[in-house]
1. So for the stretch 461-558, taking the charge dipole from beta-carbon charges (+1 Lys/Arg, -1 Asp/Glu), which of 549, 490, 535 sits furthest toward the positive end?
2. Charges only on Cβ, +1 for Lys and Arg, -1 for Asp and Glu: so what's the dipole of the chain about the Cα centre, in debye to the nearest 20?
3. Could you give log10 I(q)/I(0) at q = 0.14, 0.15, 0.18, 0.22 Å⁻¹ for the stretch 249-342, computed by the Debye formula over C-alpha point scatterers of equal weight, without solvent?
4. Compute, for the stretch 573-725, the length of the dipole vector about the Cα centre, with Cβ point charges of +1 (Lys, Arg) and -1 (Asp, Glu) only. Units Debye, rounded to 20.
5. With unit charges on the beta carbon (Lys/Arg positive, Asp/Glu negative), name the residue among 288, 607, 255 whose Cα is farthest towards the positive pole of the charge dipole of the chain.
6. Specify the inter-centroid distance of the stretch 308-353 and the stretch 178-192, based on alpha-carbon positions, in whole Å.
7. Got a sec? How would 380, 97 order by Cβ neighbour count within 10 Å, fewest to most?
8. If you rank 434, 274 by fewest surrounding Cβ atoms within 10 Å, what's the result?
Amino acid sequence: MDQQGVQTNDVDMESCSASSDGLPQPTERVDTCLQALERASSDTEVFAALLLVAKIVQAENTDAATRKRIFDAVGFRFINRLLKAAAKPDKKESSTYRSLAVTLLGCFSTSPELVSHPQMVNKVPVLIEVIQEARTSVEDNEKQTIDDAYQILVTMAMEESPRKVLCSPEVISALCGMMQGSFYGCDRAEQVLLLLLHHCGQHVWRLNKPHMDALLYKLASKFKECQDEAKFQVCETLSRLLSAYPSVPMEQSEWSPLVFRGVSDILMSKVSEKQRDPALCLASLMVSHYGMSWALGPNRLDKKFLLLLIHLACVETRMALESPDHQYRTSKESVLVSCFSLLEQCIEYLTCGPPLALDDRQVVQLHTAMTGAFGAVMFYLQGAQYQESWPDQPLVVAAVRVLCVWLAEETTALKEQVYQLLPFLIKVVDKSFKEVTNSRSHANAAAAASTPQQSLRSFASTDLLRLLLPALCHLTAEDEPRARLVEEGGIELLGECFSYHWKRFVDGDEDGDSEIALTTLCSVFLNVTLQDAEAVQSHSTVFKELLCLLAAALAHTVTNTEHLILSFNFAVLGLTLLRTLAHHADTQNLSAIKKFVGRTLDLFRASFRVASDNVHEVCEAYQPYWADVNELWLLGIQVLSECLMCIPWLPSMCLQSGYLQHIIGLLKIVVAGTVEEETIIVYSALLGSVAKTEVGAQLKQMGALDIARKYKMEELSMSLQMDSR
């Protein structure tokens with residue numbers, strides 16, 4: 001192509017150029033230019049026509065149909081020839097050809113179909129070359145080409161096929177380099193990088209960790225050193241980058257302490273709300289990725305900053321949620337989510353992390369601040385429940401999430417507010433559970449119940465019911481909240497939840513979350529069953545279905561010691577339901593129920609053994625789990641004793657299974673002083689109940705009277721002696 005020949009088409013250029021006052025409209029100008037392109041008989045004329053097309057594309061907001069016509073006329077063939085010509089040594093001509101090619105590519109990139117075209121994707125190296133020219137001085141006439149190149153990259157980053165190419169080390173390195181050097185277009189480089197991190201963050205970090213770390217180190221260093229407005233600008237850039245990182249723990253890095261210094265500089269200084277908010281958001285992100293220990297500083301000893309951070313999160317929460325200005329609260333939503341995340345991480349750290357060695361004054365201040373913050377959260381939710389739009393408010397999801405985490409640990413503060421809010425919480429978690437289960441069944445969505453997110457989430461993205469379960473363990477132990485749970489349809493909801501998590505457990509509970517959920521659900525149902533028999537009777541259909549499910553579930557888990565805690569929960573809850581529903585027996589399921597009881601007796605029988613020197617001890621397989629199942633075992637034996645008096649077939653089953661013989665034989669051999677008092681009490685109650693049934697005579701023949709004397713079981717002794725008379 002010869003640049004000198006451009007002047008030969010002056011007439012065509014004038015007729016096609018942008019105009020005003022009575023001159024051709026955009027569509028007509030496009031028609032004229034495309035006709036000139038079709039008539040072109042030489043490279044010079046083609047080039048001139050392409051210049052005209054590019055001029056119109058830059059000057060007009062062309063619609064999709066017009067862009068399609070331009071592509072049909074130009075295609076990639078001309079663009080490839082332009083780029084080939086641009087590869088020649090003449091710098092001036094090369095720049096012109098490449099600029100024209102990039103402008104036309106920008107026109108085509110607005111079509112999702114064209115931006116994913118292999119011919120478009122293979123232009124990525126050219127686009128990277130264009131944006132990297134900004135490393136040197138950029139002339140005004142070159143800026144448009146660089147802008148076009150970035151716009152194409154942004155559009156590509158939104159489409160799956162070209163996005164894979166953009167995740168390569170060559171591209172990420174170039175984008176990071178532009179941001180590190182603050183070269184022309186660095187803000188667009190950040191836009192492209194954020195899109196890539198949003199769609200495939202883990203993949204980008206895995207392939208490009210050195211480049212990403214280098215960028216973050218550069219930004220963190222600047223963040224630490226700057227003491228002017230640039231400090232706050234870098235703070236926002238770091239927040240944007242880290243918010244696009246996958247929600248998984250990050251490895252320790254050289255730039256993390258630098259961010260700590262920068263954040264602490266801001267938050268420990270007198271700054272405006274506008275300057276403080278981004279720093280709080282960045283601190284929340286760092287805590288999410290590195291854990292709460294990050295807030296203790298590089299030496300892990302800075303309790304002062306950690307306490308300040310939590311205090312600020314509490315204050316910001318109260319200021320925003322207690323404000324009567326709805327517009328102000330809306331403007332603070334992203335900051336609120338960051339504060340919620342900090343509070344959630346703080347609760348987890350204080351309950352599960354290493355001790356902070358806080359003095360009494362610090363403990364009181366911390367508890368007071370957090371109680372105030374969660375009082376504000378409940379105040380906000382109390383108001384939100386009367387708004388018809390609450391199902392469409394993502395902030396409701398975030399508020400309920402953090403409240404659930406707090407309620408799981410705090411069982412005494414703000415009781416009345418919690419009780420009043422419980423009906424609305426049930427309504428919210430019901431909606432969340434329905435949407436989560438529906439989305440997972442159709443899209444296999446990943447669980448998100450255990451990780452706080454730095455964005456406003458939808459009901460379908462967070463299983464709020466799963467998060468509320470630990471709190472329900474505490475609440476169902478008390479009369480008022482348990483009654484409200486029953487009134488609000490909580491029993492039916494929990495039954496659905498149990499079925500869902502059981503199916504998920506059977507299908508392969510890779511993260512173990514459903515096993516924990518099932519264990520927690522058993523505790524909730526136990527509270528209801530033990531303390532509110534009337535609720536069980538009035539919801540007999542739900543509880544009968546649950547009993548049948550427990551029978552099937554125990555058969556699945558009882559053979560695997562790894563699931564011993566779950567098996568004990570199934571067994572004890574099942575026995576408790578069997579006792580309560582004894583008069584609602586379903587003869588159709590009697591066979592399955594008897595098998596369940598048989599497996600329960602086997603589970604109980606295997607708990608203890610005779611060790612050396614005739615010591616009574618927990619069997620070896622159970623020892624790692626005994627701290628978690630000891631109370632369940634005691635409760636299970638107690639409930640079994642009560643079942644013997646109301647289930648006619650149970651005494652003979654205990655005899656035929658060999659369970660009674662096992663207890664008598666064990667207690668005969670072991671040294672009495674090695675049996676714990678609680679164990680003796682429940683064994684005494686069990687054997688005493690058996691003695692009052694039709695198998696009491698067989699019990700006496702086994703030597704139960706000697707056992708009664710050996711362990712001072714007076715009630716059992718009296719029952720056996722009365723039977724003999």
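Every number in this text was worked out from the coordinates using simple rules, so none of it is lab data. This is a predicted model, so every value here is computed, not measured. Reconstructed Cβ throughout: ideal geometry from the backbone, glycine too, with neighbour counts over all protein chains shown.
1. It is 549, whose Cα lies furthest towards the positive end.
2. Dipole magnitude for the chain comes out near 1120 debye.
3. At q = 0.14, 0.15, 0.18, 0.22 Å⁻¹ the computed log10 ratios are -0.49, -0.56, -0.78, -1.10.
4. About 520 debye.
5. 607
6. The two parts, judged by their Cα centres, are 32 Å apart.
7. Sorted ascending by nearby Cβ count, the order is 380, 97.
8. So the ranking, lowest neighbour count to highest, is 274, 434.
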